[in-house]
Amino acid sequence: MKAASLKEIKTELDMLHPTQLKELCTRMAKFRKENKELLTYLLFESQDEDTYIKGIKEQMDDQFKEVKKGRTYEAKKQIRKILTFVNKQIKYSGLKRTEVELRIYFCQKMKKTGITLSASTFLGNLYLRQYLTIQKAVATLHEDLQYDYSEEIKLL
């Protein structure tokens, strides 16, 4: 089965009755956890982005507490898992400000873990990629926000 284009889907959704649309959304949410998470964000959390960011940061704190500092291999796996979680949350939001704040916080927490980034090439490269991604995202923001975030980036 070939997937329809986004334009075709939009026009078809415009023709549907609200109850049919509601049924389609709930059916879609049943199939994948990510669909349900995205709907949760859109319905409940997108109105207050600051609270959403704060909640994600708290979840990151909990995940970073579980990182095993003594074993580089296990730490690498856990940090990669945290980054996957962060990337998913950034994708749900779609806002550059959210992306910058979460990535900066991720890098700060990564530095605070006590794992030397030079001990693992993978972790060093991962940190560097995040740093470069932050710089690209900051460049797209308003000038005032760029200045505010550039101060935080200097600390990284």
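What is the calculated FRET efficiency for residue 66 to residue 44, with r their C-beta to C-beta distance and R₀ = 30 Å, to the nearest 0.05?
Working: r = 26 Å, r/R0 = 0.88.
Step by step, r from the Cβ atoms, then E = 0.70.
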Mean ellipticity per residue at 222 nm, deg cm²/dmol - from DSSP H runs of n ≥ 4 across the chain, formula -39500 (n - 2.57): -25000 deg cm²/dmol
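Find the relative contact order for the chain and round it to a whole percent, using C-alpha pairs within less than 8 Å whose residues are 6+ positions apart. Please report the intermediate quantities before stating the final value.
Working: 90 pairs, mean separation 28.5, N = 156.
Over the chain, the number comes to 18 percent.
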Answer label for volume of the Cα convex hull per residue in Å³ (calculated), chosen among (1) 126; (2) 165; (3) 85: (2)
Partners for residue 91 among aspartates and glutamates (Cα-Cα distance below 19 Å; same-chain residues under 8 apart left out): 34, 37, 45, 48, 49, 50, 58, 99, 101
Helix 72-93 vs. the chain, principal-axis angle (Cα, 0 to 90°, nearest 10): 40
Given charges at Cβ of Lys, Arg, Asp, Glu: the chain dipole, positive-most of 95, 120, 26: 120
Cβ-based charge dipole, the chain, positive-most Cα from 60, 79, 39: 79
Burial ordering of 64, 31, fewest other beta-carbon atoms within 10 Å first: 31, 64
Contact order normalised by residue count of the stretch 60-110, Cα under 8 Å, 6+ apart, percent: 39
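Charges at C-beta only: +1 for Lys and Arg, -1 for Asp and Glu. How large is the resulting dipole of the stretch 7-47 about its Cα centre, in Debye rounded to 20? Walk me through the intermediate numbers first.
Working: 8 positive and 7 negative charges, 35 e Å.
Roughly 160 debye, rounded to the nearest 20.
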Point-charge dipole on Cβ atoms (K/R +1, D/E -1) for the stretch 30-156, about Cα centre, debye to 20: 960
The stretch 1-95: GluC sites (Glu not before Pro) in DSSP coil with no more than 16 other Cβ atoms inside 10 Å: 66
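Say R0 is 35 Å: what FRET efficiency, to the nearest 0.05, do residue 147 and residue 19 get from their beta-carbon distance? Please list the in-between numbers first.
Numbers: r = 49 Å, r/R0 = 1.40.
It comes to 0.10.
The numbers here are math on the coordinates, done by the rules we state, and not lab data. Note that the structure is predicted; figures quoted are calculated from it, not measured. For neighbour counting, all protein chains shown are included, and Cβ atoms are generated from backbone atoms with ideal geometry for every residue, glycine included.
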